[in-house]
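Let me begin by presenting the structure, written as structure tokens, before commenting on it.
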Amino acid sequence: MEEKDFAAYLTATMTGSALTMLIGVGHRTGLFAAAARGPATSAGLADRAGLQERYVREWLGAMVTGRIFTFEGGEYTLPPEHAKFLLGETAANLMPSLLTLSAFTGILPDLERSFADGGGVPRSAYGPYLESLGAKTGDSWKHVYREHLVDGFFGAVPGLTDRLTVGARVLDLGCGTGNAIAVAARAFPASRFTGLDINANVVAQAEAATDGLPNVAFAVGDAAELVADPPYDVITAFDAVHDQDRPDVVLRRIRGALAPDGLFFMVDTNFSSHVENNIGNPLAALCYSISLMYCTTTSLAEGGAALGAMWGTEKALDMLADAGFRHVSVLDSPRPQNCIYACRP
């Protein structure tokens, strides 16, 4: 890249960072929701949202020049084709991811100290920043599960939805707030679903969110100590294995907890283990950044393996084989940043 092109690239990068922060402001102050009601002047939009016009006007200047809003005849418009990525209860809404990314900036001083001193940033350190910016770590997946879990994810594995329809014992490892289980339990009432997570707080949230579903249960526990008697027919892990402190142990425990004809259904990131193979992938830099700011450092804080989100398919396949999975298929998922591993003994 030539010098002037690189300077322009850095300027665009800074612009994107600044707009990310202001998008969060627009979410928390209700400006996007107010703008979705139709075109308005800065005064009109400020009135709708109950805000100060001068602040709203400057914010709108960034939104217009940042190509998020349009401006014509003195009125500002949030186009519907843009609004769907910023508002609504759909998988297209990128706001949860934007808010989470902004929240990570709060731990940067601790992360920088870890560069020099070692160790890492514990998961508990993120909570105040996520809460202050209105971010919830489970929200970025919640709508994805609602729209794509049954047909897109489970449907990608031949025979899986049939098995769940008939009835199976299913464990969701690293279940978080139970969003996947809530969808699956309603779709497959003949199956029984158990969620396992090491965080007691999120398990309590999961129990509250699935209250009334008779085929659901949750447990607090470490996946590295997983045992099952009787074994499970299906074990799922959504974007969870690379965050385990002892992923090799966890994979062996999963293998041991499966029935002889069982399936381990693992969804994880869809990248190579080798950085040179990720050059040119438009999602790679973002995922490396998130991996550094959360996945890698939280594992190192616990003395873990620090696989990171970019552990890659090559490493994943090697570890699955070492754990005793002899038949593994890597399948496309509804999201380009993820792939599906269908693993059998």
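What to note about this one:
- Test for GLY38: is it exposed (fewer than 14 other Cβ atoms within 10 Å of the Cβ), modelled with pLDDT of 95 or more and not charged (D, E, K, R): yes
- All of (1) within 26 Å of ASP318 (Cβ to Cβ); (2) touching a residue at least 40 places away in the same chain (Cβ under 8 Å); (3) not β-branched (Val, Ile, Thr) hold for ALA224 with one exception: (2).
- For the range 209-221, the criterion of being surrounded by 20 or more Cβ atoms within 10 Å (Cβ to Cβ) and in a helix (DSSP H, G or I) is met by no residue.
- Set THR41, THR13, THR70: member being within 30 Å of ILE279 (Cα to Cα) and among the hydroxyl-bearing types (Ser, Thr, Tyr): THR13
- Within the range 83-120, considering residues that are free of Cβ contacts under 8 Å to residues at least 60 places away in the same chain and among the polar types (S, T, N, Q), the one farthest from MET293 (Cα to Cα): THR90
- Flag set for ASP248, criterion: assigned by TED's automatic domain parsing to the domain that holds ALA200, among the acidic types (Asp, Glu) and over 30 Å from VAL166 (Cβ atoms).
- Checking GLY195 against (1) over 16 Å from LYS142 (Cβ atoms); (2) outside any loop (DSSP other than H, G, I, E, B); (3) modelled with pLDDT of 95 or more, the condition it does not meet: (1)
- Exactly one residue out of LEU258, LEU331 is of a type in the set (A, V, I, L, M, F, W, C) and crowded, with 18+ Cβ neighbours inside 10 Å, and it is LEU258.
To keep it simple, each residue is scored yes or no on (1) assigned by TED's automatic domain parsing to the domain that holds ILE340; (2) out of contact with any Asp or Glu (no Cβ under 7 Å at 6 or more places or on another chain); (3) among the aliphatic types (A, V, I, L, M).
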site	(1), (2), (3)
GLY88	no, yes, no
LEU94	no, yes, yes
SER97	no, yes, no
SER124	no, yes, no
GLY127	no, yes, no
GLU147	yes, yes, no
PHE153	yes, yes, no
GLY174	yes, no, no
ALA180	yes, no, yes
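Each row is one residue, and each column tells you yes or no for (1) touching a helix residue (DSSP H, G or I) at 6+ places or on another chain (Cβ under 8 Å); (2) buried (at least 21 other Cβ atoms within 10 Å of the Cβ); (3) touching a residue at least 24 places away in the same chain (Cβ under 8 Å).
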{"residue": "HIS274", "(1), (2), (3)": "yes, no, yes"}
{"residue": "CYS287", "(1), (2), (3)": "no, no, yes"}
{"residue": "LEU292", "(1), (2), (3)": "yes, no, yes"}
{"residue": "THR297", "(1), (2), (3)": "yes, yes, yes"}
{"residue": "LEU300", "(1), (2), (3)": "yes, no, yes"}
{"residue": "TRP311", "(1), (2), (3)": "yes, yes, yes"}
{"residue": "GLU314", "(1), (2), (3)": "no, no, yes"}
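- ALA309 satisfies every condition listed in (1) in contact with a strand residue (DSSP E or B) (Cβ under 6 Å, 6 or more places away or on another chain); (2) not assigned by TED's automatic domain parsing to the domain that holds ASP248 except (2).
- Selection of helices (runs of 4 or more DSSP H) fully inside the range 270-334 by the criterion of at least 2 residues being over 16 Å from GLN244 (Cβ atoms) returns 275-278, 284-290, 312-322.
- Residues that are outside any helix (DSSP H, G or I) and among the hydroxyl-bearing types (Ser, Thr, Tyr) within the range 13-64 comprise THR29, THR41, listed in sequence order.
- Meets criteria (farther than 27 Å from LYS315 by Cβ, in contact (Cβ under 8 Å) with a residue 12 or more places away in the chain and not small (Gly, Ala, Ser)) for THR165: yes
The values are calculated or read from the model by the stated rules, or taken from the named source; none is laboratory data. Please read all numbers here as calculations on a predicted model, not as lab measurements. Every residue, glycine as well, gets a Cβ built from its backbone with ideal geometry; the counts of neighbours run over all protein chains shown.
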